[in-house]
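Reviewing the structure listed below.
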Amino acid sequence: MKLAFLGLGVMGYPMAGHWQKAGHDVCVYNRTTSKAEAWASEHGGRYASSPSEAVAGAQIVAMCLGDDPDVEMVVLGEHGVLEGLEPGAVLVDHTTGSAKLAQKLHELCAAKKIGFVDAPVSGGQAGAENGQLGIMCGGNEDDFAAVKDALDIYAKSCVLIGGPGDGQLCKMVNQICIAGVLQGLAEGLHFAETTGIDAERVLSVISKGAAQSWQME
């Protein structure tokens, strides 16, 4: 399958690599061209000098960028994704962004007969490198079905949450939960310090029990 991946940061670089290793024809794009060149050299894929060039002829395109302005520039800007993507293709956005932008992109893509799935991820760099990401998707069922096998290549779990934007809303839930864990951990360690017990020993014990979380590692 002909695929394209845009954004080769600590997450996107290994995610695109999993696609290439799985036997797909992958073309990548990154604003810093040297990163795209390094990826192509390591994985044997192709790289392009613009988003529109990278997505030409691709059946599925994935993006993993920094924020909403980055996404708008890559998709809607000069030589952007929508200039090069053909009807029938599906655009997947792994960027953690706003539900509002996801809904906007869904509408713009639909007008060009292009599918769109907002699909933020959880699992960090290790999850991306090991192909063990949690992917929370928003979009229609047909678009999700079209990309599910490709996303499963680097996913531990890939679930359609609901309609356009719902993947981003699910990611917000994820972030709220993580913030709660961090707050609880900070308060717990502060309590340990005020009582005078050894915080490192406390962590060594509670991290092996019900209180365990990534944040303790």
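The values are calculated or read from the model by the stated rules, or taken from the named source; none is laboratory data. All values derive from a computational prediction rather than experimental measurement. Glycine gets a Cβ as well: all are built from the backbone with ideal geometry, and neighbour counts include every protein chain shown.
Residues that are touching a strand residue (DSSP E or B) at 6+ places or on another chain (Cβ under 6 Å) and farther than 20 Å from Pro87 by Cβ: which helices (runs of 4 or more DSSP H) entirely in the stretch 1-72 hold 2 or more of them? Break it down into steps so the answer makes sense when it comes.
Values: elements: 12-21, 33-43, 51-55.
In the stretch 1-72, 12-21, 33-43 are the helices (runs of 4 or more DSSP H) which contain 2 or more residues that are touching a strand residue (DSSP E or B) at 6+ places or on another chain (Cβ under 6 Å) and farther than 20 Å from Pro87 by Cβ.
Please go through the stretch 83-139 and give me each residue that is closer than 15 Å to Leu65 by Cα, assigned to a strand (DSSP E or B) and in contact (Cβ under 8 Å) with a residue 60 or more places away in the chain, ordered by number.
Val121
Could you list, ordered by first residue, the pairs with Cβ atoms under 6 Å in which the first is in the stretch 47-61 and of a type outside the set (Asp, Glu) and the second is assigned to a strand (DSSP E or B) and surrounded by fewer than 23 Cβ atoms within 10 Å (Cβ to Cβ), at least 6 apart or interchain?
Gly57/Lys2; Ala58/Lys2; Gln59/Lys2
Test of understanding: among Lys171, Lys208, which residue is within 24 Å of Met63 (Cα to Cα) and not in a strand (DSSP E or B)?
Result: Lys171 is the single residue among Lys171, Lys208 that is within 24 Å of Met63 (Cα to Cα) and not in a strand (DSSP E or B).
Can you find, within the stretch 54-74, the residue that is surrounded by the fewest Cβ atoms within 10 Å (Cβ to Cβ) among those that are within 14 Å of Trp19 (Cβ to Cβ) and either outside the structural domain of Thr32 (by TED's automatic domain parsing) or not aliphatic (A, V, I, L, M) (or both)?
The residue in question is Gln59.
Looking at the stretch 179-212, which of the residues that are within 27 Å of the chain's Cα centre (by Cα) and surrounded by 14 or more Cβ atoms within 10 Å (Cβ to Cβ) is nearest to Phe144 (Cα to Cα)?
Here the answer is Val181.
Scanning for something surrounded by 24 or more Cβ atoms within 10 Å (Cβ to Cβ) and touching a Gly at 6+ places or on another chain (Cβ under 6 Å), does the stretch 75-92 turn up at least one residue?
no
Which of the numbered conditions does Lys148 fail, given that it passes all the others? Conditions: (1) free of Cβ contacts under 8 Å to residues at least 12 places away in the same chain; (2) exposed (fewer than 13 other Cβ atoms within 10 Å of the Cβ); (3) under 14 Å from Leu91 (Cα atoms).
Lys148 satisfies all of (1) free of Cβ contacts under 8 Å to residues at least 12 places away in the same chain; (2) exposed (fewer than 13 other Cβ atoms within 10 Å of the Cβ); (3) under 14 Å from Leu91 (Cα atoms) except (2).
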